[in-house]
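Asker: Please read through the structure below; I'll follow up with questions.
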Protein chains: 2
Amino acid sequence: MPSRLIVSRELADLFRLLAHADRLRLIEDLRGGEKDVTGIAQSLDLPATRVSQHLALLRAQRLVEERRDGRNHFYRLAHPHLAAWVLDALPFIDIRQRLEDADHIDTARALWSVADRNPH
Amino acid sequence: MPSRLIVSRELADLFRLLAHADRLRLIEDLRGGEKDVTGIAQSLDLPATRVSQHLALLRAQRLVEERRDGRNHFYRLAHPHLAAWVLDALPFIDIRQRLEDADHIDTARALWSVADRNPH
DNA sequence: CCAATGTCTGCAAAAGTTCGCAGGCGTGCA
DNA sequence: TGCACGCCTGCGAACTTTTGCAGACATTGG
């Protein structure tokens, strides 16, 4: 029964792709809709080259899709539900370290949620 | 607004912990309830030392809890819902490579689900 | 007490990831 | 055509993770 092994490897690849704070922020940033590389770089405060490198990884596993318009490359989530699923992981993080109790998870979720689409 | 950065780092740590095929299999293996190290090692077909190393990582981030009985250490999921959440990621894996279409996701999910608690 | 068993930890080599930088490619504007 | 812009890729250095192995520790049975 090798399917299990195959599936676990596929899932591990996905988790590895998500195992980087900047890529997670990027995914949350795309929740509002498509955005070009420079726009993402500005809102995450990262060099555009690095954003492009992250996007190349996400693209390789079809987590984002690209649309070109002139010299700009616009990216969007291939699965819009992905961002919500990522936030569903909040209950599993070890809250002892930096957050005090379960209420703060809600605070964090709120902070990161739809309402908050201003500069930063 | 640094909370966002903090949360994304916490989430990235969690994803990094899950970004290993054997640890994912381990988590799925514990879905059925607690199990000792040797038992896990047998059902995953891995050396017990390695299982212990993986468990040490999962323990450090409070994803599993330990109960000792004599010389055996029994482990269980700290959040039983974790295993289900992991499987919710199946729609996001890139299915072109080894699986043909969406039906196979269901097959994979079924293969890995509750019914399947026989040897392997 | 001694030996066997089940598990844990430390270490170092191998493998993998991240990051900055240099240079390349395509597009648009003067 | 030439230049600036937006983005992409390749490369090497620094860092992190994985793995097997050797040895340690605690518990149990003889």
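The values are calculated or read from the model by the stated rules, or taken from the named source; none is laboratory data. Bear in mind the structure is a predicted one, so any value in this text is a computation, not a measurement. We place every Cβ from the backbone using ideal geometry, glycine too, and count neighbours over all the protein chains shown. Please note that ligands, DNA and RNA were not included when accessible areas were found on the heavy atoms of the full protein model with its side chains. Shrake-Rupley method; radii C 1.70, N 1.55, O 1.52, S 1.80 Å.
Asker: Which one is surrounded by the fewest Cβ atoms within 10 Å (Cβ to Cβ) among residues in the range A:66-82 that are over 15 Å from A:Ile40 (Cβ atoms) and aliphatic (A, V, I, L, M)?
Answerer: A:Ala78
Asker: In addition: Name every residue in the range A:36-52 that is under 14 Å from the mean Cα position of the chain (by Cα) and away from DNA strand C (no atom under 12 Å from the Cβ), in order of residue number.
Answerer: A:Ile40, A:Ser43
Asker: May I ask you to list pairs of residues, at least six apart or on different chains, whose Cβ atoms are under 7 Å apart, with the first in the range B:69-82 being under 14 Å from B:Val51 (Cα atoms) and the second being part of a loop (DSSP other than H, G, I, E, B) and acidic (Asp, Glu)?
Answerer: Cβ pairs passing all conditions: B:Phe74/B:Glu34; B:Tyr75/B:Glu34; B:Arg76/B:Glu34.
Asker: Could you give me the residue pairs with C-beta distances under 8 Å whose first residue belongs to the range B:36-56 and is over 21 Å from B:Arg16 (Cβ atoms) and without any contact (Cβ under 8 Å) to a residue 60 or more places away in the chain, whose second residue is open to solvent by less than 20 Å² (accessible area, probe 1.4 Å) and of a type in the set (Gly, Ala, Ser) wherever it lies, and which are 6+ apart or on separate chains?
Answerer: B:Pro47/B:Ala41; B:Ala48/B:Ala41
Asker: Quick one: count up the residues across the range A:53-65 that are away from DNA strand C (no atom under 11 Å from the Cβ), more than 11 Å from chain B (Cβ to nearest Cβ) and open to solvent by 20 Å² or more (accessible area, probe 1.4 Å).
Answerer: Of the residues in the range A:53-65, 1 are away from DNA strand C (no atom under 11 Å from the Cβ), more than 11 Å from chain B (Cβ to nearest Cβ) and open to solvent by 20 Å² or more (accessible area, probe 1.4 Å).
Asker: While we're looking at this one, here's another question. Out of the residues in the range B:1-52 that are away from chain A (no Cβ under 14 Å) and among the acidic types (Asp, Glu), state the one that is surrounded by the fewest Cβ atoms within 10 Å (Cβ to Cβ).
Answerer: B:Glu34
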